[in-house]
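Q: Can you read through this structure? Questions will come right after.
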Amino acid sequence: MPLTNGGSDVQKIVAEAGVADQITVDSAGTSNIAEGLPADSRTKSILDKYHIKDGGMIDRQLHDSDYYDAYYIIAMDQMNVRDAKDMALTGLENKVHGIFEATLGKENRYIVDPWITHRFQDTYNSLSEALPN
């Protein structure tokens, strides 16, 4: 997820919920376009605004091992849900879910990729709405 670079905002929620010893958070994309790069400067601005550390994570693409290691692979937007399912090894595509899939009444809602809209604050707001669920 572009705004959840390294899953920093998700890690913060997990820590605040007191379950950091039970949940591991990671972040990877379906594309390799930014692989090897640090957090996008626009993402970093939003994270700084909310005092969320970026964790020094470097962008990377999903790997086959992610599908074995993860219980869930959560994607923000419809295209990345589709791409992550297409990338999955046979039988593991059911691990891929949309970010609002577990939110009653919003199961078919997605967050538009801020790399497309350039509206990083809107993305943060939508993630804040989705993540506690």
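We did not get these values from a lab; they are worked out from the coordinates using the rules stated. What you see is a predicted model, and the numbers here were worked out from it, not measured in a lab. Positions of Cβ are generated from backbone atoms using ideal geometry, with glycine treated the same way; all protein chains shown enter the neighbour counts.
Q: Please give the residues of segment 100-114, grouped as numeric ranges, whose backbone N is less than 14 Å from a label point set 7 Å along the Cα-to-Cβ vector of Ser31.
A: Zone members listed by number: 112-114.
Q: Test of the criteria: in segment 1-103, which trypsin sites (Lys or Arg not before Pro) are in a DSSP loop and have at most 13 other Cβ atoms within 10 angstrom of their Cβ?
A: Listed in order of number, the matching sites are Lys53.
Q: Which FRET efficiency, nearest 0.05, do Arg109 and Ile23 yield, Cβ-Cβ r, R0 30 Å?
A: 0.85
Q: Quick one: Cα convex hull volume of the chain, Å³ per residue?
A: 109 Å³
Q: Take the alpha carbon gyration tensor of segment 38-89, find the square roots of its eigenvalues, order them as a ≥ b ≥ c, and report rounded if a/c is under 1.5; if not, report prolate when a/b exceeds b/c, else oblate.
A: Taking the square roots of the gyration eigenvalues as a ≥ b ≥ c, segment 38-89 is prolate.
Q: Using amide H atoms built in the peptide plane, which far-off residues or other-chain residues are under 5 Å from Gly29 H to H?
A: Under 5 Å from the amide H of Gly29: Arg60, Gln61, Leu62.
Q: From the Cα gyration tensor of segment 13-65, with a ≥ b ≥ c the square roots of its eigenvalues, which class applies: rounded if a/c is under 1.5, or else prolate if a/b is larger than b/c, or else oblate?
A: oblate
Q: Related question: Note down the magnitude of the dipole of the chain about its Cα centre, charges +1 on Lys and Arg C-beta and -1 on Asp and Glu C-beta and zero elsewhere, to the nearest 20 debye.
A: Roughly 340 debye, rounded to the nearest 20.
Q: Which of Gln121, Leu62, Leu131 sits farthest toward the positive end of the charge dipole of the chain, with +1 on the Cβ of Lys and Arg and -1 on the Cβ of Asp and Glu?
A: Going by the Cα projections, it comes out as Gln121.
Q: Lysine pairs in the chain 8 or more apart or on different chains: how many have alpha carbons under 17 angstrom apart?
A: Step by step, the pairs that qualify in the chain add up to 5.
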